[in-house]
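First comes the structure, then the notes that go with it.
The values are calculated or read from the model by the stated rules, or taken from the named source; none is laboratory data. Computed from a predicted model, the values in this text were never measured in an experiment. Positions of Cβ are generated from backbone atoms using ideal geometry, with glycine treated the same way; all protein chains shown enter the neighbour counts. The area values use the complete protein model at the heavy-atom level, side chains included, leaving out ligands, DNA and RNA. Shrake-Rupley method; radii C 1.70, N 1.55, O 1.52, S 1.80 Å.
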Amino acid sequence: MSVEIVFVMVGTTHTGNLGAAARAMKTMGFTKMRLVDACSHLSAEALARSSGANDVLKDAQTFDSLQAAIADCRVVIGTSARARQLAVPLLSCREIATELGEAAHSSLSGQKVAMVFGQERSGLSNESLDLCTRLLRIPCNPDFSSLNLGSAVQVVSYELSQALVSVPQGAPSPQPGKWKGTDDGENAIPAPTDPDELPATSDNMEHFFEHLDRVMVTTGFLDPDNPRLLRRRVRRYFESNRPTGSELAIFRGILSAVENPRKRK
């Protein structure tokens, strides 16, 4: 699979919504679900609402934090009903799908992508959105923009399935894990030979932000008692333009040199 999509549910409060989300995912060819601080995903209601997508629920991974759930992801897309201050790029669902479809057929293939959905009433918090590289919105009636979680997941998974060709039109369902264009034949998409040329993982980005924050404080550039919006502005810049693994290594090297400068002969 050239682009691996994982659906991350944060703080889901209604167990039936997890079943509906699992059903929506599987009908479009997606099976990877991760849960953060969510309600029971194996309740009778959840299993009933999944309408046969029980395997998605049973295989779902649980995490204590969003940061842990997306640690291995190189692209993190948060869903948002509105534009946020200092936000990373806000794109429509179709624009996001098109972007990922292009990545799947380029040298950037092989990425793990997280699609993050927030709590039913309040959506994703600003702290959760800080961890995202893109924001996704579903264009809908401005006078009645009420989408429940299952419906939102269905719309997003449909657009992704069309861009990534995860469910062939008018053809039998593919074998689990088998996506068009990713077999061993002449149409296979080659994986990149150097993973350091892919966008850095979220886990590596968090280590970078901790390093950068430490340097900003020790050099006096950042007043930790009065940071204002500096930390968020810096984070949003790098998440909007997430560097590759090799680029991140360069930035970390520069920060280390600032901490421990060496005199040149």
Q. Which residue, of T98, T133, is among the β-branched types (V, I, T), modelled with pLDDT under 95 and either open to solvent by less than 60 Å² (accessible area, probe 1.4 Å) or at positive phi (or both)?
A. T133
Q) Is there a residue in segment 88-109 that is farther than 19 Å from L164 by Cβ, touching a residue at least 60 places away in the same chain (Cβ under 8 Å) and not in a loop (DSSP other than H, G, I, E, B)? A) no
Q: Could you list, in sequence order, all residues of segment 43-55 that are surrounded by 15 or more Cβ atoms within 10 Å (Cβ to Cβ), aliphatic (A, V, I, L, M) and more than 14 Å from L149 (Cα to Cα)?
A: L47, A53
Q: State yes or no: is S109 modelled with pLDDT of 90 or more, on the phi < 0 side of the Ramachandran plot and open to solvent by less than 10 Å² (accessible area, probe 1.4 Å)?
A: no
Q) Which is surrounded by 11 or more Cβ atoms within 10 Å (Cβ to Cβ), basic (K, R) and not in a loop (DSSP other than H, G, I, E, B), of R242, R252? A) R252
Q: Give just the number: which of (1) in contact with a helix residue (DSSP H, G or I) (Cβ under 8 Å, 6 or more places away or on another chain); (2) at pLDDT below 95; (3) surrounded by 13 or more Cβ atoms within 10 Å (Cβ to Cβ) does E259 not satisfy?
A: (3)
Q: Answer with yes or no whether A200 is modelled with pLDDT of 90 or more and in contact with a helix residue (DSSP H, G or I) (Cβ under 6 Å, 6 or more places away or on another chain).
A: yes
Q. If you go through segment 20-50, how many residues are part of a helix (DSSP H, G or I), of a type in the set (G, A, S) and without any contact (Cβ under 8 Å) to a residue 40 or more places away in the chain?
A. 4
**Q.** Whichever residue in segment 136-184 is within 20 Å of the chain's Cα centre (by Cα) and loosely packed, with under 15 Cβ neighbours inside 10 Å and, among such residues, is modelled with the highest pLDDT
**A.** N148
Q) Can T13 be described as surrounded by fewer than 20 Cβ atoms within 10 Å (Cβ to Cβ), more than 12 Å from the chain's Cα centre (by Cα), within 19 Å of S125 (Cα to Cα) and of a type in the set (V, I, T)? A) yes
Q.
Tell me yes or no: at least one residue of segment 149-165 is under 25 Å from R236 (Cβ atoms) and assigned to a loop (DSSP other than H, G, I, E, B).
A. no
Q) Taking segment 28-42 on its own, how many of its residues are at pLDDT 95 or above and polar (S, T, N, Q)? A) 1
Q. Does segment 59-67 include one or more residues that are in a helix (DSSP H, G or I) and within 20 Å of R137 (Cα to Cα)?
A. yes
Q. Do we find a residue being on the phi < 0 side of the Ramachandran plot, of a type in the set (S, T, N, Q) and more than 15 Å from the chain's Cα centre (by Cα) anywhere in segment 62-82?
A. yes
